[in-house]
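Below: the structure, in structure tokens.
The values are calculated or read from the model by the stated rules, or taken from the named source; none is laboratory data. Because the structure is predicted, anything quoted here is derived from the model rather than measured. Because the Cβ atoms are built from the backbone with ideal geometry, glycine has one as well, and the counts that use them run over all protein chains shown.
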Amino acid sequence: MRPGHVGLLGLVLSLAVLVVVPGISAELCVRNKTKVKGDGKVVLRGKIFRSSEGCSPGSASVLDLAEFADADAQATQSGRIDALTGDVESLRDSLNPLRLANVVTVGKNGGDFSSVGDALESIVDAAEDKPYLVSVGPGVFAETDLLKIPSFVHVRGAGSNVTVLLSARSSSTDARGAAAVELLDGATLSDVHVVNDTSATPGENVFGVLLQEGTVPTFHLDAENRTLVERVRISAVGNEADVVAGIYGRGGVGTIRDSVATARGDGGQLRVALYLSDGGRILVEQCKMQGSRQGAGPAYAVVGINASAVIRGSLLVGSDTAAYAAGTSGMLSVQQCVLQNVNAEMLMADAGTRLTVVGSQFFGGATTAGGGTIVCTYNTSFLGTAVDCS
């Protein structure tokens, strides 16, 4: 609310108190053509101020508060009082033209809510023709429950360096129980840092952001294509965990853009920045995907198990493998990226899958493994030499 609006609201509410106290003699003075209508209602158009010495030259006297010194006079002026005070919520909205519909704010101080989870639960009517924005201010917001972002809702922070959504969630059987944030089809997450750190409770799955299918009504089949993660940092941490994934796309369809996803931990079965399965279809643009480990257990940048992804202009770093097309079907297309690994093969493809790398740079060698199809075209090493992945 603008400072001028705050002052006006305070003055109006102060008047409502003064008029019921006998013996007060003061005038409410208004400049700039403010006047009292014939029905006794006040037209507030100018700058309002109180004066116990009368209105100064150039201003008009709107109300003489001495008229309200006794109860009878007060009753006769009820119309004026109602016109000045009215409903507090309506007055607040009328004095704050910047208050937008379908916008929910979350902040440490001054927001509609202090919890992102509470803000999301308050939205019960989001639809294609009634989208919502949840605006989250700076700070670390520790959340216990899964942050489920409904379709047609956009959760936007103040920046991935200043708005942190912190969780410590894990599960051995339930994907939702292991995730910090879930995006339903057509939802958007931007400008935040999602942290799911369960290093203190090893042995279970840990996911940062979860994308799943089957959540959009059949009457709007293209909503899933608008699911978006943009300008987001995602950190998933778990020691001795079964699977640690920054982003888990289990059948989900969406776009990940200008974001960083990391998965790290010591021991366990798998650490992977982008983990796709069950027909998931993801477009990745201008991102960094890094899977790292301390100790035993593999770590990958991207793994697609019977799933597909197109990855453009991104950095793929895996302690073991940069890109792995796994399962019996699916496709990974890597275009104009930088690939780096340390310990194992750079590229892997199981029988029945296809992995294509075009116009990219390799740092660490173009070694391959698996019985699937791996195609490399127009790639170079950092030394400028041609790379053959066959």
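Taken over the stretch 341-376, the criterion of being hydroxyl-bearing (Ser, Thr, Tyr) and either over 37 Å from the mean Cα position of the chain (by Cα) or assigned by TED's automatic domain parsing to the domain that holds Asn306 (or both) is satisfied by Thr367, Thr368, Thr373. Residues that are among the hydrophobic types (A, V, I, L, M, F, W, C) and surrounded by fewer than 18 Cβ atoms within 10 Å (Cβ to Cβ) were ranked within the stretch 127-148; the one that is modelled with the lowest pLDDT is Ala127. Annotation note: of Ala245, Ala299, the sole residue that is under 21 Å from the mean Cα position of the chain (by Cα), under 25 Å from Leu166 (Cβ atoms) and either touching a residue at least 12 places away in the same chain (Cβ under 8 Å) or not assigned by TED's automatic domain parsing to the domain that holds Arg226 (or both) is Ala245.
Screening Leu98 against (1) surrounded by fewer than 12 Cβ atoms within 10 Å (Cβ to Cβ); (2) modelled with pLDDT of 95 or more leaves a single unmet condition, (2). Take the conditions within 9 Å of the chain's Cα centre (by Cα) and under 25 Å from Ala127 (Cβ atoms) and apply them to Ser190. Does it pass? Considered against the rule, which asks whether it is within 9 Å of the chain's Cα centre (by Cα) and under 25 Å from Ala127 (Cβ atoms), Ser190 comes out as yes. Restricting Arg312, Arg281 to residues that are within 20 Å of Glu182 (Cα to Cα) and without any contact (Cβ under 8 Å) to a residue 40 or more places away in the chain narrows the list to Arg281.
Can you confirm whether Ala325 is buried (at least 23 other Cβ atoms within 10 Å of the Cβ) and outside the structural domain of Asp197 (by TED's automatic domain parsing)? So Ala325 fits the description; yes.
All told, Ala309 falls short of being within 22 Å of Glu204 (Cβ to Cβ) and touching a Gly at 6+ places or on another chain (Cβ under 9 Å). With respect to (1) surrounded by fewer than 18 Cβ atoms within 10 Å (Cβ to Cβ); (2) hydroxyl-bearing (Ser, Thr, Tyr); (3) in contact with an Asp or Glu (Cβ under 8 Å, 6 or more places away or on another chain), the lone exception for Ser170 is condition (1). Taking only the stretch 255-281 into account, find how many residues are farther than 19 Å from Val342 by Cα, under 20 Å from the mean Cα position of the chain (by Cα) and surrounded by fewer than 24 Cβ atoms within 10 Å (Cβ to Cβ). Matching residues across the stretch 255-281 total 4.
Just wondering, is there one or more residues in the stretch 311-320 that are in contact with a Ser or Thr (Cβ under 9 Å, 6 or more places away or on another chain), crowded, with 24+ Cβ neighbours inside 10 Å, over 21 Å from Gly238 (Cα atoms) and in the same structural domain as Gln212 (by TED's automatic domain parsing)? Checked the stretch 311-320: at least one residue is in contact with a Ser or Thr (Cβ under 9 Å, 6 or more places away or on another chain), crowded, with 24+ Cβ neighbours inside 10 Å, over 21 Å from Gly238 (Cα atoms) and in the same structural domain as Gln212 (by TED's automatic domain parsing).
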